[in-house]
Amino acid sequence: MAEKDDSWLTDQADHLIGVTLTRREWAPASVRDDHDHCALCWAKFAKLGLPGELHVGWCTSDMRHWVCQQCVDDFKVRFRWVLNDNPNLEID
Ligand SMILES: [Zn+2]
């Protein structure tokens, strides 16, 4: 990882370019999952009561990919995200 530029970001997460992200309280996708990670910085979403765990994030419409608030702030322009902070409102 000697790269100075951060094109690795959009390479590793090109499936997230241009998607709609909805702000939600994190919830496990299934009972077998007790945590998720931010797709970009690997911050942990969980409700295990652990220090540093995140409880709210931004997820794709299929709820398979989560992005933390910090990464949304840092990368929303680069990834051209459509941000929906009202979960009751469907944007498409
Ligand atoms: Zn993140």
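Residue-level check: of (1) within 13 Å of the ligand (Cβ to nearest atom); (2) open to solvent by less than 20 Å² (accessible area, probe 1.4 Å); (3) in contact with a Leu (Cβ under 7 Å, 6 or more places away or on another chain), PHE75 misses just (2).
Scanning segment 2-42 for residues that are on the phi > 0 side of the Ramachandran plot and touching a Phe, Trp or Tyr at 6+ places or on another chain (Cβ under 8 Å) yields a single hit, GLY18. Of all residue pairs spaced 6 or more apart or on separate chains, those with beta-carbon atoms under 8 Å, a first member in segment 65-86 that is at positive phi and a second member that is more than 8 Å from the ligand (Cβ to nearest atom) are ARG80/ILE17; ARG80/GLY18. Just wondering, is there one or more residues in segment 1-18 that are crowded, with 16+ Cβ neighbours inside 10 Å and closer than 15 Å to ASN84 by Cα? The answer is yes, given that some residue of segment 1-18 is crowded, with 16+ Cβ neighbours inside 10 Å and closer than 15 Å to ASN84 by Cα. Here is the figure for segment 35-58: residues that are crowded, with 16+ Cβ neighbours inside 10 Å and either more than 12 Å from the ligand (Cβ to nearest atom) or of a type in the set (Asp, Glu) (or both) total 2.
The values are calculated or read from the model by the stated rules, or taken from the named source; none is laboratory data. None of the values given here were measured: they were computed from a predicted structure. Methodologically, a virtual Cβ is constructed for each residue, glycine included, from the backbone with ideal geometry; neighbour enumeration extends over all protein chains shown. All accessible areas refer to the heavy atoms of the entire protein, side chains included, with ligands and DNA or RNA removed. Shrake-Rupley method; radii C 1.70, N 1.55, O 1.52, S 1.80 Å.
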